[in-house]
Amino acid sequence: MKNEDDNKQHHHAKQATGSIEAVKEKAHEKAQEEVEVRGRKLEKGDIFKFAGLIAFFLIMVLICVLIWPYLHELFEPGGLDRVMADVRNAGPIGFLILLGLQFLQIVVAFIPGEVVQIAAGVLYGPWVGAAVILVGCVISSAFIFVLVHKLGAPFVQSMVPTNYLEKFRRFEKTGKLNIIVFVLFLIPGLPKDVFTYLVPLTDMNMRTFLLLSNIGRIPGIIVSTYAADGLMEGRFVESAIIFGVAAVIAILGVVFRERIMKVLERSHKKKD
């Protein structure tokens, strides 16, 4: 009786897998269908990718427009104090502004991550500030993961250096991608925002990526928000020491970036 039930379950599972594959195949065929746009034949899949790319840039423009008044005021005399006061007094809107900055920092990557983390520590303290930054990292990373899956490798190649893309392909071949991704996001000074665009091109699923990458970010986030809060509380020596040590580690990470990645690749090859 048990064998019959097992056989039935196996049969149903096989049917379900077959159905999923059929849906995927049908979607792939539909994406390859050609439509005519102003006399030119284009695949539907390319049109969707193009539309997704436009939507991506529109979102970036919208976020820039919303936070530009705050960014612009930072460069004026006394602007930092005014912006901090405005954000603190904005209630829930203040959290959204900080989330917007964190989203922009990861997705566009023109703002150093430490700047946003320090701002979070100054505004909301070490723990609440770190929590807001971490939520922003999760949202941003998930957004990029979905975006890369929709737009594919050509989109990423236009955003990041080609040599990093080749490195991640080699990382994937080691069979130890999970460990490597965690270590890369843990070490300060490495280009985590670039890695965020590259990991979705591997066979790692989004849940694993979000878990490993954001746990790896936590120590650096807490160090920045804690030290920033120390400045506000008058613990200048303590904060200076923390920032000094963090800066040295980050500089070492930048200087030895290539060597670290080569060591990771070689060590995991030897284990295999």
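Just a few scattered comments:
- Largest accessible area first, the residues Glu166, Glu114 order themselves as Glu114, Glu166 under a 1.4 Å probe with ligands, DNA and RNA left out.
- Accessible area per residue in Å² at 1.4 Å probe, computed on region 109-201: 41 Å²
- Seen from Gln105, the other residues with C-beta closer than 13 Å to its C-beta sum to a net charge of 0, counting Lys and Arg as +1 and Asp and Glu as -1.
- Pair Lys262, Met206: separation of 7 Å Cα→Cβ label points (nm): 3.7 nm
- Backbone geometry of region 137-153 corresponds, through the Karplus equation with coefficients 6.51, -1.76 and 1.60 at θ = phi - 60°, to 3J(HN,Hα) couplings of 5, 5, 4, 5, 5, 5, 4, 5, 4, 5, 4, 5, 5, 7, 9, x, 4 Hz, x marking Gly and Pro.
The values are calculated or read from the model by the stated rules, or taken from the named source; none is laboratory data. Values in this document were obtained by computation on a predicted structure and should not be read as measured data. Neighbour counts run over all protein chains shown; Cβ positions are idealised from the backbone, glycine included. With ligands, DNA and RNA removed, areas are computed over all heavy atoms of the protein, side chains included. Shrake-Rupley method; radii C 1.70, N 1.55, O 1.52, S 1.80 Å.
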